[in-house]
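Some notes on the structure that comes next.
The values are calculated or read from the model by the stated rules, or taken from the named source; none is laboratory data. Predicted model, so just to flag it, every value in this text is computed and none were measured. Methodologically, a virtual Cβ is constructed for each residue, glycine included, from the backbone with ideal geometry; neighbour enumeration extends over all protein chains shown.
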């Protein structure tokens, strides 16, 4: 009886060891997923720029402009050309020049010998130099002299500015020295890679402006990747 019991126990041990052998001695294979993400770039700069009263003769200049007028842009014989239509005085007294910074991120607009009711304008391209489509997110009047109003501008709206206080309003007030008017571009406008948008800026010197004075201001245009800015409604 005892030997029979030992045989049964031995048989049980053999079975357990066989099961353990299956659990710990198996073949396996490992698979991998290798991924590469190459990101694009969001970047923009100013392209072609033009003043309607810089004395260079690129647009018809027979006198100082007294209204914002309208700009048109064409390519003729593989050359970019701007046309401006609007009213001009018979006198050519003031001038408005525009320059590009070296990195093409800033337009430097200078009005010389300006006077009340002088109203020059500039036209410009915003070029998408990145690889991702962008939209215009904000247009901000960030600085007026030593003041920082950080006023978000709505295109096709005239804004009156008091240089001393930095006050900005959409209606004319007595202390305003000049007005600015951004048109052409609009919030939510999409610019695809290698494409461009065309905008213009009109500056109106008002009667409250002082003689022999210097007025400076900065407008910031913010572009953001296309899917983070709602399209225009």
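The figures follow:
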item: Count of segment 177-203 residues which are farther than 30 Å from residue 145 by Cβ and either touching a helix residue (DSSP H, G or I) at 6+ places or on another chain (Cβ under 7 Å) or surrounded by 20 or more Cβ atoms within 10 Å (Cβ to Cβ) (or both); result: 2
item: Total residues in segment 209-223, condition farther than 25 Å from residue 43 by Cβ and either loosely packed, with under 14 Cβ neighbours inside 10 Å or under 8 Å from the mean Cα position of the chain (by Cα) (or both); result: 6
item: Which numbered condition residue 136 fails, given (1) more than 16 Å from residue 45 (Cβ to Cβ); (2) part of a strand (DSSP E or B); (3) at pLDDT 95 or above; result: (1)
item: Scan of segment 170-186 for residues that are in contact with a strand residue (DSSP E or B) (Cβ under 6 Å, 6 or more places away or on another chain), touching a residue at least 40 places away in the same chain (Cβ under 8 Å) and part of a loop (DSSP other than H, G, I, E, B), ordered by number; result: 184, 185
item: Residue that is farthest from the chain's Cα centre (by Cα) [pool: residues in segment 96-121 that are closer than 11 Å to residue 65 by Cβ and assigned to a strand (DSSP E or B)]; result: 96
item: Subset tally (residues that are surrounded by 10 or more Cβ atoms within 10 Å (Cβ to Cβ), part of a loop (DSSP other than H, G, I, E, B) and modelled with pLDDT under 90) for segment 16-62; result: 7
item: Selected residue (only one of 200, 177 is more than 13 Å from the chain's Cα centre (by Cα) and over 19 Å from residue 48 (Cα atoms)); result: 177
item: Scan of segment 93-135 for residues that are surrounded by fewer than 16 Cβ atoms within 10 Å (Cβ to Cβ) and in contact with a helix residue (DSSP H, G or I) (Cβ under 7 Å, 6 or more places away or on another chain), ordered by number; result: none
